[in-house]
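The values are calculated or read from the model by the stated rules, or taken from the named source; none is laboratory data. Keep in mind it's a predicted model, so treat the numbers as computed, not measured. Every residue, glycine among them, receives a Cβ derived from its backbone with ideal geometry; neighbour counts consider all protein chains shown.
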Amino acid sequence: MTWQRPQWRSVRIPLRVIESVYGRGNFDDAGDDIVHAVRTVSAYPDQFRCKFGNDLSHPNPWYHAMTCEIEGIPAPEFERFVAMLTDLGIRPE
C-alpha cells in the first residue's frame, strides 16, 4: 500500500450570513469559532490543518464568501463540524 496525501474538504460560508450573526466586518470572530469547531471534532490538538480564504470572484457582493479548507478530516468528523457551524447560525452553502 502506498502513502496518499490527505485530501482537503472545504466549506463556503456567505459573508452576508457571517455578518448577520457576528455583525458587520467581524469575520475574525467567525474564524475563531470555525477553528474552535475543528478542534472540538479533532481527536487531539492540531490534528487537522485549516486554510482560510475569501471568494470574491462574483461581481455581486451577495455571493462573496469565506472559505475554510480542512486537511485530512474524515467524513464523520466533517459532518459533526458542519453541524456545529449550523448550530452557530453560519451554515455552509
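Only residues that are within 13 Å of LEU85 (Cβ to Cβ), surrounded by 13 or more Cβ atoms within 10 Å (Cβ to Cβ) and over 12 Å from the mean Cα position of the chain (by Cα) were counted in segment 1-44, giving 4.
Residue pairs whose Cβ atoms lie under 7 Å apart, sitting 6 or more positions apart in sequence or on different chains, and linking a residue in segment 27-51 that is part of a helix (DSSP H, G or I) to a partner that is aromatic (Phe, Trp, Tyr) and surrounded by 11 or more Cβ atoms within 10 Å (Cβ to Cβ), are ASP29/TYR22; ALA30/TYR22; GLY31/PHE52; ALA37/PHE81; VAL38/PHE48; VAL38/PHE81; VAL41/PHE81. Annotation: GLU93 fulfils all but one of (1) more than 15 Å from ASP32 (Cα to Cα); (2) modelled with pLDDT of 95 or more; (3) exposed (fewer than 13 other Cβ atoms within 10 Å of the Cβ); the unmet one is (2). Out of the residues in segment 53-75 that are polar (S, T, N, Q) and touching a strand residue (DSSP E or B) at 6+ places or on another chain (Cβ under 9 Å), state the one that is surrounded by the fewest Cβ atoms within 10 Å (Cβ to Cβ). The residue in question is ASN54. Each residue in segment 3-51 was checked for being touching a Ser or Thr at 6+ places or on another chain (Cβ under 7 Å) and of a type in the set (Phe, Trp, Tyr), and 1 pass.
Of all residues in segment 76-90, those that are crowded, with 16+ Cβ neighbours inside 10 Å, without any contact (Cβ under 8 Å) to a residue 40 or more places away in the chain and among the hydrophobic types (A, V, I, L, M, F, W, C) total 0.
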